[in-house]
Amino acid sequence: MNGKMIEITNKGFLTVPVSAKRHGLESCGVPTGGPADPFRCILANRLAGNEDDAAALEAAFTMPGVRFSDERVIAAVGGIGEIAIRRGGEELAFPANASVRVFPEDELISRPLEGGMRAYIAVSGGLTEAGIALRTQSAEAGQRLGLNENVPAVRRAITKMPFDLPGENAELRVIEGVQWERFSREGRESFLSGEYSYTPESSRMGIRLEGPQIGFKEGADGNIISEGMLPGDIQITSAGQPILMLADCPASGGYAKIAHVIFADLPTAAQLQPGAKLRFRLVDLPAAHTALRRLMLALDGSIRDLAEPDGNAL
Amino acid sequence: METRLKLVAHGDRAVDAVFENEISEKTNAKVIALARAVREAAPEGVIGCRPAYRTLTVEYDPMKLTYGQLCLFLRGFDFASEAETAGRLVRIPVCYGGKFGPDLNAAAQYAKLSPEEVVRRHSAPDYRVYMLGFMPGFPYLGGLDPAIACPRQRVPRTRVEGGSVGIAGMQTGVYPEPSPGGWNIIGRTPLRLFDEKTRRALLEAGDSVRFVPIGEEEFAAIERSGMWK
């Protein structure tokens, strides 16, 4: 394997190359795509010296095995505390949430994730956009993914994590959905006071939740004329149960939307694990935007450059 | 006469412009006109827009553009002065029946018409593309002759080939790619509705579509050359 590529040696459970770049194709019915947890992907990219929207790997449940073919700086952020690298015959442990220098033939070792559903692995220079399928496709063992020219990366670490992994009980802030008025008063109260659990029928398309039934106003039901759908939307099915849409949700949908998770809480939603219990709290639009500004500032203040110990090995 | 445009926050990163709650060409034309205006003169911070039957979802980056600024921009659009720009008429060749249209006979039986009459009625109108969605390039078409409407298959097929033309209820459409599906498949087009490589869709919202019956030989020729007059 020549330089400027990585090889997937183990796809783990599901590892997808993702890019936050948009292609202006939403009007053609193409899903939004990109990282399910956009902010942890940004952090991984910043640690690796990349632009915020560089293409990276998104792993669910399990870290992938990845072999490197040239010297790069990599970083993993998400449901993981430590990463393992096989170098020569040795297995080395490095902290996650910090940059790590890797050398030709080094291999990131597949391990289960802990504490969160997803982890992002960024490589300095970034994956090439050409390797990103328009729609999410899992990487397979043996697959090689191209890398851009390397970029100079200094040793960095997250010293102040801007958000916590959600754990078993999580709260998501929402604003009123575009069909809020379609739901009965009791239905809205159930939604805002009830506890909803994450069911196994969940994916990058969306999280199916189960909990107190959410009813519609008299004469109304959950079917609407199909309209645009976005990550963060919460649809209520005809059975009165919520589906929280994530990055790969279809571009349009025909169920009524009771609420929308605010962008600043999308990282929490994307890191929920099976069995998690979820509550919703209503905020208004200015509060949502304030939360986002705060989060962006926290992101800017979260990473510190560290001194290189010997100018080479990180 | 358009009164004040109805705008609703669709989460904290999008605004929906909402028109009459109906599926009609008149309402959809307003959506398309506004979408065009957004595409042509969007302020910095607009990420993209999704036209649908009666709504336009406009995504924005709230760190670059405020909700109020975006609403002001959308409200500045003058529907009255905007002569409706006609969409293109796109002719789509379809080989009806046989191996490409396994449900044509059943659809004809349901409609109590001959298969030829179903084909004639299906290829007669100019359908309006209200929106693209469900999967990349999939057109939601309006204008099906009610005489050939027929219910979905009770058990959906596990695989419907790309290009398949189907009827479900009062809807007709074309599967851009292989997919499970419950529509009655009456024919197939050799055209690609969405090209993954060039990332282009054959149709856009606001276009008109006319299906043109072709034979198997012509189907093969178009498939080979990728060319269609």
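The values are calculated or read from the model by the stated rules, or taken from the named source; none is laboratory data. The model shown is predicted, which means the values in this text are computed figures rather than measured ones. Backbone-built Cβ (ideal geometry, glycine too); neighbour counts: all protein chains shown. Remember, those area values only see protein heavy atoms, side chains included, never the ligands or the DNA or RNA. Shrake-Rupley method; radii C 1.70, N 1.55, O 1.52, S 1.80 Å.
The portion of the accessible surface of the range B:6-75 made up by carbon and sulfur, rounded to a whole percent, is 52 (1.4 Å probe; DNA, RNA and ligands excluded). Residue by residue, the range A:100-105 carries 3J(HN,Hα) couplings of 9, 8, 10, 10, x, 6 Hz when phi is fed to the Karplus relation 6.51 cos²θ - 1.76 cosθ + 1.60 (θ = phi - 60°); x denotes Gly or Pro.
What quantity of accessible surface, computed with a 1.4 Å probe and excluding non-protein components, is buried in total between chains A and B, in Å² to the nearest 100? Summed over both sides, the interface buries about 3200 Å².
Once the Cα-Cα distance is subtracted from the 0.36 nm per residue extended length, the B:Ser24 to B:Ser123 segment shows a gain of 33.6 nm. Computed over protein heavy atoms with a 1.4 Å probe, the accessible surface of the protein assembly as shown works out to 43 Å² per residue. Taking Cβ atoms as reference points and 14 Å as the exclusive limit, the residues near A:Asp300 contribute a net charge of +4, counting Lys and Arg as +1 and Asp and Glu as -1. Per-residue SASA remark: B:Glu216, around 110 Å² accessible (1.4 Å probe; ligands, DNA and RNA not included). Extension gain, B:Asn105 to B:Arg4, is 31.4 nm, computed as 0.36 nm per intervening residue step minus the present C-alpha separation.
Working from label points 7 Å from Cα in the Cα-to-Cβ sense, the A:Arg22 to A:Glu51 distance is 1.5 nm. When both the range B:51-101 and the range B:120-153 are represented by their alpha-carbon centers, they are found 18 Å apart. Whole-Hz Karplus values for the range A:203-213 come out as 7, 5, 6, x, 10, 7, 10, 9, x, x, 5 Hz, taken residue by residue from phi with 6.51 cos²θ - 1.76 cosθ + 1.60 and θ = phi - 60°; glycine and proline positions read x.
In this simple spin-label model, placing a label point 7 Å from the Cα along the Cα-to-Cβ direction at both B:Lys112 and A:Leu297 gives a separation of 7.2 nm. For the options A:Asp265, A:Asp53, A:Asp300, a Gaussian network treatment of chain A with springs between C-alpha atoms closer than 10 Å singles out A:Asp300 as fluctuating the most. Could you tell me how far the Cα centroid of the range A:205-258 sits from the Cα centroid of the range A:18-70, in Å? Rounded to whole Å, the Cα centres lie 26 Å apart.
The mean of 1/r over all distinct Cα pairs in the protein assembly as shown, once inverted, gives the Kirkwood hydrodynamic radius of 25.1 Å. Across the cross-link table entries A:Lys21/B:Lys30; A:Lys257/B:Lys30; B:Lys6/B:Lys30, which are compared at the Cα atoms, the separations over 20 Å belong to A:Lys21/B:Lys30; A:Lys257/B:Lys30. Across the accessible surface of the range A:5-163, with the other protein chains kept in place and a 1.4 Å probe, carbon and sulfur atoms take up 49 percent.
Ligands, DNA and RNA excluded, the heavy atoms of A:Tyr255 present near 80 Å² of accessible surface to a 1.4 Å solvent probe.
When B:Met227, A:Met205 are compared by accessible area at a 1.4 angstrom probe, the order from most to least is B:Met227, A:Met205. Ranking of A:Met296, B:Met63 by solvent-accessible surface, largest first: B:Met63, A:Met296 (1.4 Å probe, protein heavy atoms only, all chains present). Determine the relative contact order of the range A:98-229: mean sequence separation of Cα pairs under 8 Å and six or more apart, normalised by residue count, in whole percent. The value is 20 percent.
With the contact rule set at Cα under 8 Å and sequence spacing of 6 or more, what percent relative contact order holds for chain A? Answer for chain A is 21 percent.
Each Lys or Arg adds one and each Asp or Glu takes one away; over the other residues whose Cβ falls under 13 Å from the Cβ of B:Cys150, this sums to +2. Highest GNM mean-square fluctuation among A:Arg72, A:Arg22, A:Arg101, for chain A modelled with Cα contacts below 10 Å: A:Arg22. Other protein chain C-beta atoms within 10 Å of residue C-beta, averaged over A:250-257: 5. Listed values for the range A:236-248 are Karplus-derived 3J(HN,Hα) couplings in whole Hz (6.51 cos²θ - 1.76 cosθ + 1.60, θ = phi - 60°), namely 10, 6, 4, 7, x, 10, x, 10, 9, 7, 10, 3, 8, and x replaces Gly and Pro. Amide H contacts for A:Gly65 (H built 1.01 Å from N in the peptide plane; partners 5 or more residues away or on another chain; cut-off under 5 Å): A:Thr9, A:Asn10, A:Lys11, A:Gly12, A:Ser110. GNM on chain B, C-alpha springs below 10 Å: top fluctuator among B:Gly142, B:Gly48, B:Gly101? So, out of B:Gly142, B:Gly48, B:Gly101, the one fluctuating most is B:Gly48. With both labels modelled 7 Å from their Cα along Cα-to-Cβ, the A:Ala133 to B:Ala86 distance reads 4.1 nm.
Heavy-atom accessible surface of A:Glu105, to the nearest 10 Å², is about 120 Å², with a 1.4 Å probe and all protein chains retained.
Sorted largest first, the principal axis extents computed over the alpha-carbon atoms of the range B:46-165 equal 57, 36, 23 Å. Under 20 Å from a point 7 Å along the Cα-to-Cβ line of B:Asp61: which residues of the range A:241-280 have their amide N that close? In the range A:241-280, the label zone of B:Asp61 (backbone N under 20 Å from the point 7 Å along Cα→Cβ) covers A:247, A:262-267.
The relative contact order of the range A:169-283 comes to 41 percent, based on Cα pairs under 8 Å that sit 6 or more residues apart. Residues of the range A:217-241 whose accessible area, computed with a 1.4 Å probe over protein heavy atoms, drops by at least 40 Å² once all protein chains are present relative to their chain alone are A:Ile225, A:Ser226, A:Glu227, A:Gly228, A:Leu230.
Amide H contacts under 5 Å for B:Val212: B:Ile92, B:Val94, restricted to partners 5 or more places along the chain or on a different chain, H placed in the peptide plane at 1.01 Å from N.
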